[in-house]
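Please read the structure below before turning to the comments.
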Amino acid sequence: MINFERFTLSNGLKVLVHEDHTTPMAVVNILYNVGARDESPEQTGFAHLFEHLMFGGSVNIPNYDGPLQQVGGENNAFTSNDITNYYITLPASNLETAFWLESDRMLSLAFSEQSLEVQRQVVCEEFKQRYLNQPYGDVWLRLRPMAYKVHPYRWATIGKELKHIEDATMEDVKSFFSKFYTPQNAILVVAGDVKLEDVKELTEKWFDDIPMGQSYHRNLPQEPKQEAARREVVEADVHVDSIYIAFHGCDRLSKDYQTMDLLSDILSRGASSRLYRSLVKERQAFSEINAYVTGSMDSNLFVVEGKPLAGISLEEAESMIWEELNKVKTSPVVDAELQKVKNKIESTLLFSELSILDKAMNLAYYEALGDAQEYNDENEKYLKVSAEDVQRVATEIFRMENSSTLWYQSKGGINA
Amino acid sequence: MPNRLEAPPYQAIGDLELVQPDAVNHSNGLRTFLFHSEELELMKFEFIFENHYEKSELPILNVALSSMLKEGTTTRNSAEIAEEIDFYGAYLMPEYSFDYTALSLYTTRKHVDKVLPIIADVLMNSTFPEEELETYIRNNKQSLQIALQKNDVVARRLFYKNLFGTNQYGAVADLEDYDTLSRAKLYSLFEQQIRSNNCTLMIAGRVDQELQDLVDSLFGQEWAESKTAVGNAIDLPLRSDGQLVVEPKEEALQSAIRMGGITEGRAHPDFPALQFVNTLLGGFFGSRLMRNIREDKGYTYGIGSAVVSLKHTAFMTLGSEAGADVTNATLVEIEKEFKRLREELTTIEEVDLVRNYMQGNLLGSLESIFSHVDKFKAVYFSGLDLSYYHYYHEVLRTMTPERVQEIAVRYFDFDKLTKVIVGKY
């Protein structure tokens, strides 16, 4: 349970305040409602590159990080396909510094050419480090365009290719800023050792004079229903074969989301989960196997991925996975198994409430989904899921024609 | 209109208030520390064991011991242990580090009495079933094969090997080493190490008398003591003379860089100052290495350094993955930063910034009672007590550019660092 108060400035900035006086720290979290899904297909990776540029100085403050470190603060940010989230942790007594910094970069950036040039390179190195110079690193660069043909989820947050990042110009940066980095497209959450009245005063002082800007109406092409199974085989320089099966699932606000999430827990959460018990321990066919939901706001992917052991072909591996998926379709889960995954959800939610940063991020994310109050109803929604729900959703999702299967085959590896 | 050109005024960051745990000694030699937090619905139990090393054995046996603890007891098989722990929404996590093996349990307060008996069973009656060991070996061999394709992993392994040599800190497992594992060896290590008198138990959360009695009855009486002392003597190598180890990778888009050297640990009076200088050099986003090599040159996504305090020694380490075409340029810049640190006096402004950053970071690291446990552990296992943090605070508060240079000259010598490059050089 996270208690909070909420108010909105005249320029449209939404503000949420969560008081927690057990800590001497404060968190200032700003979520901008823009992610890789809002990019043009010819300019992918831009939302994330832009996140880097937000640290390159703002209109009145040449250096973002220094003044924050000076008052004992720390910051970071992340970009997903849905959102871009910036956060600061600092001693609550120095809260105003965070307001000064965040409001200035919402007002306007410095748009420094040098920063653009350096961050293009930094992001290219990030691209290499995470996606190109790692075994299996490019899996998601391949899997996304297999599963999504129309929706912008077909490219990864980092972008389709290095070239899109290399080609970004200052004009693009400026127009992206004015389109998405407006008060009305942002959610500010302040949490920790703060008082609502002080936060109100500071917010009005620092954010009120920022022009509201144009409103952005998201109108993304929706992914049509997949009608036939998709498959790809790729040969790569890895030692061990790997298999990925991606199914289309519901969106984050669907009433079936929690059921789908529990289904992935039944299959793969913890050492007692079905896939691990059956395929790693009993049949000793895989060294690792996982099932998870991508957790995106629009239509999700339900992914099963695993690495078969030596002597197990990808074909055998795939059919073993399907055996397990079919089991959950044909017979309902027993009460104890369903209760187990619900208990785990409950304790996980409690753990996430230990940290003011996690609480602030959760409030911002749920507010972006529509209403921060929904966070507090989440456990209740999980508790309501029945064995019939699980079976029904499994039957809807685990269909061959709803799947994209990627065989990631090692060149002369051990599985042959 | 607010004045946006000037930073708002700010306050100095105060000293920490740390929770002093209650200590309890049980009749079988178990030592428990209790960290009270009345309102919390969650609890953490951390059973910490000093590692026992036989000279002839690789630490691979110790790593396997920690992973295999929850794979079967005289009354529960692996599946039953997993099922019960998961059912109560608990997390059971074995952890292995250079000097200690730990089994951590996170659980809700309401299920403590259901979950703790499982842990008692695991710690007292583990059997290390043959079939589970085979699974462990098979899966870990495969994971290692995959990991060995990562340049940063290869660089880290080469670094430890070259820095520490053949002792337990330097020994890294190769594929065939897994074949030396046996149930008998595991069991004998278990009997030696996973014993009451070699265990320190940290308990955090709502610790009332009832819980204390439960802990004593489960862990404080029947759990046997080890008959022989835990042995972990170590042959420390001579200090490094700056060898360069290169493993070329033709296809690499980036090179993994790893370097470092032996330094002083937490118990040494210079340690907080050493941490200060490390932070300034490479310990945070605003460090010199990050500002120069990432934020000015764009050679890497990240570069960082750290000081690690171990039981028998300590080391400083630095790591990065830099573009293959700029690997040499990155090395030149790293060397320049070390030289600058030793040869030029830093500014008072930079010292202020690093101090405030470190003080804020320390304050922010105390999130819940669980972080108080971590703070206590860090000093307790270095033979210190919580007054260390006041000393630390005082060292930060009184840090000067002269002192930074003095520490840099004494401890940050680029020429003496062991250097590893995996990729293009």
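The values are calculated or read from the model by the stated rules, or taken from the named source; none is laboratory data. Values in this document were obtained by computation on a predicted structure and should not be read as measured data. Every residue, glycine among them, receives a Cβ derived from its backbone with ideal geometry; neighbour counts consider all protein chains shown. Accessible surface areas use protein heavy atoms only, side chains included; no ligands, DNA or RNA. Shrake-Rupley method; radii C 1.70, N 1.55, O 1.52, S 1.80 Å.
Can you tell me the 0 to 90 degree angle between the C-alpha axis of helix B:78-87 and the longest principal axis of chain B, rounded to 10? Computed tilt is about 70 degrees.
Residues B:TYR301, B:TYR392, sorted by accessible area with the largest first, give B:TYR301, B:TYR392 [1.4 Å probe; ligands and nucleic acids excluded]. Over the C-alpha atoms of the stretch A:1-120, the Rg to Rh ratio, Rh being the Kirkwood estimate, stands at 0.99. Between amide H atoms placed 1.01 Å from N, distances below 5 Å from A:LEU309 occur with A:PHE286, A:SER287, all of them 5 or more places distant or on a separate chain. Mind listing, in residue-number order, the residues in the stretch A:85-103 that have at least 10 Å² less accessible area with every protein chain present than in their own chain alone (1.4 Å probe)? Residues losing area: A:PRO91, A:SER93, A:ASN94, A:GLU96, A:THR97, A:TRP100. Once the C-beta distance of B:HIS390 and B:ARG410 is scaled by a Förster radius of 22 Å, the resulting FRET efficiency is 0.40 to the nearest 0.05.
Once Rh is set to the Kirkwood radius over Cα pairs, what Stokes-Einstein translational diffusion coefficient, in µm²/s, holds for chain B at a temperature of 37 °C and a viscosity of 0.692 mPa s? Intermediate values should be presented prior to the final figure.
Details: Rh = 23.9 Å.
Translational diffusion coefficient: 138 µm²/s.
For B:SER309, neighbours were defined as the other residues whose beta-carbon sits under 11 Å from its Cβ, and their charges (Lys and Arg +1, Asp and Glu -1) total 0.
Sorted into 5 angstrom bins from 0, the C-alpha pair distances of the stretch B:109-225 split as 2, 9, 13, 14, 14, 13, 13, 11, 8, 3, 0 percent. The charge dipole of the protein assembly as shown, taken about its Cα centre with unit charges on the Cβ atoms of Lys, Arg (+1), Asp and Glu (-1) only, comes to about 1240 debye. Excluding same-chain neighbours fewer than eight residues apart, the lysines reachable from B:LYS339 by a Cα-Cα span under 17 Å are B:LYS416, B:LYS419.
Annotation: Cα Rg of the stretch B:22-219 relative to the compact-globule expectation 2.2 N^0.38 Å equals 1.09.
Computed over all pairs of different Cα atoms, the Kirkwood value for the hydrodynamic radius of the stretch A:143-266 is 19.9 Å. Computed on the Cα trace of the stretch A:175-244, the radius of gyration divided by the Kirkwood hydrodynamic radius gives Rg/Rh = 1.30. For chain B, the dipole from Cβ point charges (+1 on Lys and Arg, -1 on Asp and Glu) about the Cα centre works out to 1020 debye, to the nearest 20. Using a 1.4 Å probe over protein heavy atoms, the accessible area lost on pairing B with A, summed over both chains, comes to approximately 6300 Å². Once Rg and the Kirkwood radius are both taken over the C-alpha atoms of the protein assembly as shown, their ratio Rg/Rh works out to 0.94. For chain B, the longest principal axis of the alpha carbon atoms and the long axis of helix B:387-397 meet at an angle near 10°.
Expressed in units of 2.2 N^0.38 Å, where N is the residue count, the Cα radius of gyration of chain A is 1.05. Each pair of Cα atoms in the stretch A:119-180 enters the Kirkwood radius, and Stokes-Einstein at 37 °C and 0.692 mPa s then converts it into a translational diffusion coefficient of 255 µm²/s. Compute the Cα gyration tensor for the stretch B:158-197, then decide on rounded, prolate or oblate, letting a ≥ b ≥ c be the square roots of its eigenvalues: rounded whenever a/c is under 1.5, prolate when a/b is larger than b/c in the other cases, and oblate in all that remain. Verdict is oblate for the stretch B:158-197.
Annotation: A:LYS179 carries an accessible surface of approximately 100 Å², with a 1.4 Å probe and no ligand, DNA or RNA atoms counted. At a probe radius of 1.4 angstrom, the accessible area of the protein assembly as shown per residue rounds to 39 square angstrom.
From the Kirkwood radius over Cα pairs of the stretch A:72-207, Stokes-Einstein at 4 °C and 1.567 mPa s returns a whole-number translational diffusion coefficient of 73 µm²/s. For B:TYR425, no residue has an amide H sitting under 5 Å from its own, ignoring neighbours fewer than 5 places away on the same chain, with H placed 1.01 Å from N. Solvent exposure of B:THR346, expressed as accessible area, is near 10 Å², computed with a probe of 1.4 Å over the protein chains only. Volume per residue of the convex hull around the Cα atoms, evaluated for the stretch B:158-308, comes out as 232 Å³.
The label-point distance for B:HIS268 and A:LYS381, in a model that sets each label 7 Å from Cα toward Cβ, rounds to 5.4 nm. Give, as a single signed number, the net charge of other residues whose beta carbon lies under 13 Å from the beta carbon of B:PRO401, with Lys and Arg counted +1 and Asp and Glu -1. Counting the neighbours of B:PRO401, the net charge comes to -3. Pairs exceeding 20 Å between alpha-carbon atoms, taken from A:LYS411/B:LYS249; B:LYS227/B:LYS375; B:LYS55/B:LYS161; A:LYS344/A:LYS384; B:LYS44/B:LYS110: B:LYS227/B:LYS375. The calculated FRET efficiency for A:GLU204 paired with A:ALA310, based on their beta-carbon distance and R0 = 45 Å, is about 0.10. Modelled label positions at B:ASP241 and B:VAL308, each set 7 Å beyond Cα in the direction of Cβ, lie 2.5 nm from each other. From the C-alpha coordinates alone, can you work out the Kirkwood hydrodynamic radius of the stretch A:258-416, in Å? The Cα-based Kirkwood calculation yields 17.3 Å.
The value of relative contact order for chain B, using C-alpha pairs under 8 Å at least six residues apart, is 22 percent.
Over all distinct Cα pairs, what is the inverse of the mean 1/r for the stretch B:244-423, reported as the Kirkwood hydrodynamic radius in Å? Hydrodynamic radius (Kirkwood, Cα only) of the stretch B:244-423 equals 17.2 Å.
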